[in-house]
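Peer 1: Here it is, the structure, as structure tokens.
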Amino acid sequence: MPSGRWRIHRRKRKRRSDRESRSLRIGVAGCGAMGRPMAEALIAAGFDVMGYDVRPLSEFDDFGLRMTGDPAELPGRCGAVISVVRDAAQTRELLAAMGGLPPILVLSSTLSPRFVRTLRDELPAATALVDAPMSGAPYRARSATLTFMVGGPDDAVRQLMPAFRAMGEEIHVLGATGAGAAAKVLNNFVAAAGVAAVRTVLAQAGALGLPPERLLRVMRSSSGGTWYGDNLERIDWAAETYDPANTIGILEKDVTAYLDAVAGDRPADGLTEAVLERLRGLPALPDLDDQGRV
């Protein structure tokens, strides 16, 4: 898969567990709202999985039996480690805590492709770096229907395809390392703008004499349809306002990763500044009913 070519893999209705090897032991570092259901999907598909999280194992009920409290165990015991931590800083913290590297390191966080390529240049040749950020929110992680955007060396990507199929429904193989991250930050900028726009107009609807749930129903069948607006009732964090520690804060982080990718050290353009400002001052989601409720 040269960097100039891309392919889309869609999971067939019947999983390929009888035909694909599950011998690759996979570590999942960051077993939160996304990482844990991803790990559980891998287990359901027959993979041997070792999880790790900074939280104590006692918080993970039976899943804790599949986890280690020491990230240094991951590189020596796993053929691939999937990192599902928050950002670039936590990625570096994880790598330092592991103390070594697995044969394949997979970055599933939303990160600037500039960071991903810098990290690739820092890693030894013995470790293949694959960037495979995912999209779909926790409800699609739980149903193993995520979308993956993948960049990396051909052999490593081929080894990981059964794992991606176990966790996701559509896998976009986009080229060399950094291509997946590039697609993700561009995608998430559009998603963040959609969140900002939908929350703004729902807050404005009442002042114009229009129940917000009615406007939402109109938008869902019109040109104002968005991923966020169309899936409000399924998105766990749909009603959140801004907090640096919650998912809206993560969206802010994703927009800054987008900005790093497209502008580097240059100032943000007007649209990016407006999206960031709106996310930080996101209006509360109005009470909704009439099948538009959260």
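None of the figures in this text is laboratory data; all of them are computed from the coordinates on show. Just so it is clear, the model here is predicted, and its values are computed rather than measured. For neighbour counting, all protein chains shown are included, and Cβ atoms are generated from backbone atoms with ideal geometry for every residue, glycine included.
Peer 1: Taking only the alpha-carbon atoms of segment 7-177, what semi-axes of the equivalent ellipsoid follow from 5 times the gyration tensor eigenvalues under a square root, in whole Å, largest first?
Peer 2: On the way: eigenvalues 88, 81, 44 Å².
In descending order, the three semi-axes are 21, 20, 15 Å.
Peer 1: Dividing the Cα radius of gyration by the Kirkwood radius, what Rg/Rh value follows for segment 112-221? If you can, show how the numbers build up before the last one.
Peer 2: Details: Rg = 18.7 Å, Rh = 16.1 Å.
Dividing the radius of gyration by the Kirkwood radius yields 1.16.
Peer 1: Would you mind giving the average projected area, over all directions, of the Cα convex hull of segment 24-99 in nm² with one decimal?
Peer 2: Values: hull surface 18.3 nm².
The orientation-averaged projected area of the Cα hull of segment 24-99 comes to 4.6 nm².
Peer 1: Rg to Rh for the chain: what is it, with Cα atoms only and Rh by Kirkwood?
Peer 2: On the way: Rg = 19.6 Å, Rh = 20.0 Å.
Rounded to two decimals, Rg over Rh is 0.98.
Peer 1: For the chain, give the share of DSSP beta bridges that are antiparallel, in percent and rounded to the nearest 5; count only bridges with both residues there. Could you put the intermediate results ahead of the total?
Peer 2: Numbers: 7 of 31 bridges.
Roughly 25 percent of the DSSP beta bridges within the chain come out antiparallel.
Peer 1: Another question, if that's okay. How much length is gained if the chain between Thr118 and Arg22 is pulled fully straight, taking 0.36 nm per residue apart and subtracting their Cα-Cα distance, in nm to one decimal?
Peer 2: Numbers: separation 96, 0.36 × 96 = 34.56 nm, distance 3.10 nm.
Residue separation times 0.36 nm, minus the Cα-Cα distance, leaves 31.5 nm.
Peer 1: Let me ask you something else. What are the ³J(HN,Hα) values, in whole Hz, obtained from phi via the Karplus relation 6.51 cos²θ - 1.76 cosθ + 1.60 with θ = phi - 60°, for each residue of segment 263-270 in sequence order, with x given for Gly and Pro?
Peer 2: Ordered by residue, 3J(HN,Hα) equals 10, x, 8, 7, x, 5, 6, x Hz.
Peer 1: List, in order, the whole-Hz ³J(HN,Hα) value for each residue of segment 80-96 obtained from phi through the Karplus relation with A = 6.51, B = -1.76, C = 1.60 and θ = phi - 60°; use x for Gly and Pro.
Peer 2: 3J(HN,Hα) across segment 80-96, in whole Hz: 9, 10, 9, 8, 10, 8, 6, 7, 5, 4, 5, 4, 5, 4, 4, 4, 5.
Peer 1: Using θ = phi - 60° and the Karplus curve 6.51 cos²θ - 1.76 cosθ + 1.60, what whole-Hz ³J(HN,Hα) does each residue of segment 216-230 get, with Gly and Pro shown as x?
Peer 2: Result, ordered by residue: 4, 5, 5, 4, 5, 10, 9, 5, x, x, 9, 4, 5, x, 6 Hz.
Peer 1: So, one more: Between Leu210 and Leu57, with labels modelled 7 Å along Cα→Cβ, what's the label distance in nm to one decimal, could you check?
Peer 2: 5.5
Peer 1: Over the alpha carbons of segment 183-280, what is the largest minus smallest coordinate on each principal axis, giving the biggest first in Å?
Peer 2: Per principal axis, max minus min of the Cα coordinates gives 44, 26, 23 Å.
Peer 1: What is the extension gain from Ser222 to Tyr242, computed as 0.36 nm multiplied by their sequence separation minus the C-alpha to C-alpha distance, in nm to one decimal? Provide the component values of the computation, followed by the final result.
Peer 2: Values: separation 20, 0.36 × 20 = 7.20 nm, distance 2.77 nm.
Additional length available on full extension: 4.4 nm.
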